[in-house]
1. Just need a number here: residues in the range A:51-65 that are closer than 22 Å to residue B:134 by Cβ and either more than 10 Å from DNA strand D (Cβ to nearest atom) or more than 10 Å from chain B (Cβ to nearest Cβ) (or both).
2. Need pairs with beta-carbon distance below 6 Å; first residue on the phi > 0 side of the Ramachandran plot and within the range B:49-63, second modelled with pLDDT under 95 and more than 8 Å from DNA strand C (Cβ to nearest atom); sequence gap 6+ or separate chains.
3. Pick out the one residue from A:21, A:3, A:15 that is assigned to a loop (DSSP other than H, G, I, E, B), near DNA strand D (Cβ under 6 Å from one of its atoms) and at pLDDT 60 or above.
4. Sort out which residues of the range A:188-205 are in a helix (DSSP H, G or I) and surrounded by fewer than 24 Cβ atoms within 10 Å (Cβ to Cβ), and write them in order of number.
5. Do we have residue B:100 as within 30 Å of residue B:170 (Cα to Cα), more than 18 Å from the chain's Cα centre (by Cα) and more than 10 Å from DNA strand C (Cβ to nearest atom) here?
6. Restricting attention to the range A:42-83, which residues are in contact with a helix residue (DSSP H, G or I) (Cβ under 6 Å, 6 or more places away or on another chain), within 14 Å of DNA strand C (Cβ to nearest atom) and farther than 28 Å from residue B:44 by Cβ?
7. Scan the range A:84-93 residue by residue and report those that are assigned to a helix (DSSP H, G or I) and crowded, with 16+ Cβ neighbours inside 10 Å.
8. Take residue A:117 and tell me if it is buried (at least 22 other Cβ atoms within 10 Å of the Cβ) and more than 11 Å from every other protein chain (Cβ to nearest Cβ).
DNA sequence: TGATTATTGGTCACTTCTGTACAAAACACG
DNA sequence: CGTGTTTTGTACAGAAGTGACCAATAATCA
């Protein structure tokens, strides 16, 4: 492999260019902006397909600055995953409070997923789902983080279904775990197929069908 | 990129070692066996992660023989995709004849997917699904083949649902297209999540749930 | 202003990958 | 047994990637 497996020598935490000022030469780039660019690049090309050079080029910085600031591809990717977790369209699912109606949130999230994925001209799909496929089973260092995220997603869906059932929004599923898995599986599949089918209406029709089948009352 | 994008010079079709005998030095390897090995390697590491060297090494042949026999990574991958199409557990879906009961085939296919994916110690998932994620949007040469396969899968599900409805096995779906998409999406998601969850019973419980919701009568 | 400090820009040494070229090897056939 | 044919082994030239190293630069701070 041209992309070697050895990890960069760990270093004292860099000042991180945009975090206020201090002694030393100022960085020529904005850390947040660079991170955003890195997110786009890693999302589009995947962790495997985005080299340190490609990332540095995209960010408009030298490779030396790249290593100095982000400590390497792996560390950067972990940071990117956190960042992605804050902008992913399914984020609201994990923020439902007790007593709150579940259905509108679920509907909105699936609608948003359809809208956002269909609107992406690059059809990048979901970074997390892409990462499952590319890294689990091939990258022992990063896989655990990905696997953990999936398991949390399942738990979120399970809690959410329980709440919806308790609040009478849906009939009580015979097998709560299975229902939670079903939703997770569907959401994953939806993100994948959005790379092939980019018509929002088609995607949403399928979501409507799926959510209705689970007992959610989706308005026309 | 270390993995350049230029394609190898096209050549006169090689004799393909195991196809009978003829003049010239005999190949030291069996083409079918080598293809099987290449399938495993490409399946495990993905098209992006499997270099010509890695493939040659796995097959136990020199890189010169690799290029001579398979003409390069891309041509090999196309061949591998065809091969995979013949061993994929969902193959029977496309072979249902008119008048034949749909439900048992659908049930068996999903059962088989759960069984096969859960039994795979390497959790490779589905080569086709993995390829959607890794290649669509990033490899203009190979993407069309993948996209076509997905579209055919959707059509297969649509025809199959129509037949099932006509034969009274399931209630007529309000939106046939949406139902077909739903099944496709679920099958894709199932293959992805099998990389994270390898307990057959868990996977199958979710399939049961999903198929029941679509109206299929699944036996306990 | 001088000491301190962090980023930059460039280079080094190394690995892996790419596709091509060609002589040597090993067979079939007349 | 020589001729033709095909695969093999090895080498080549070039591209791209890896992380480390270090002098120059450009700030802050005393």
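1. Step one: list which residues in the range A:51-65 are closer than 22 Å to residue B:134 by Cβ, which gives A:51-55, A:57-58.
Right, trim to either more than 10 Å from DNA strand D (Cβ to nearest atom) or more than 10 Å from chain B (Cβ to nearest Cβ) (or both) and you get A:52, A:55, A:57-58.
Number of matching residues: 4.
2. Cβ pairs passing all conditions: none.
3. On the way: A:3 fails: at pLDDT 60 or above; A:15 fails: near DNA strand D (Cβ under 6 Å from one of its atoms).
Just one listed residue meets the conditions, A:21.
4. Start the filter on the range A:188-205 by keeping residues that are in a helix (DSSP H, G or I), which leaves A:188-193, A:200-205.
Selection gives A:200, A:201, A:202, A:204, A:205.
5. Details: within 30 Å of residue B:170 (Cα to Cα): yes; more than 18 Å from the chain's Cα centre (by Cα): yes; more than 10 Å from DNA strand C (Cβ to nearest atom): yes.
Yes, satisfied.
6. A:56, A:59, A:63, A:66, A:70
7. Residues of the range A:84-93 assigned to a helix (DSSP H, G or I): A:84-87, A:91-93.
Selection gives A:84, A:93.
8. On the way: buried (at least 22 other Cβ atoms within 10 Å of the Cβ): yes; more than 11 Å from every other protein chain (Cβ to nearest Cβ): yes.
Judged against the criteria, residue A:117 is a match.
The values are calculated or read from the model by the stated rules, or taken from the named source; none is laboratory data. Keep in mind that what you see is a predicted model, and the values were worked out from it rather than measured. Neighbour counts run over all protein chains shown; Cβ positions are idealised from the backbone, glycine included.
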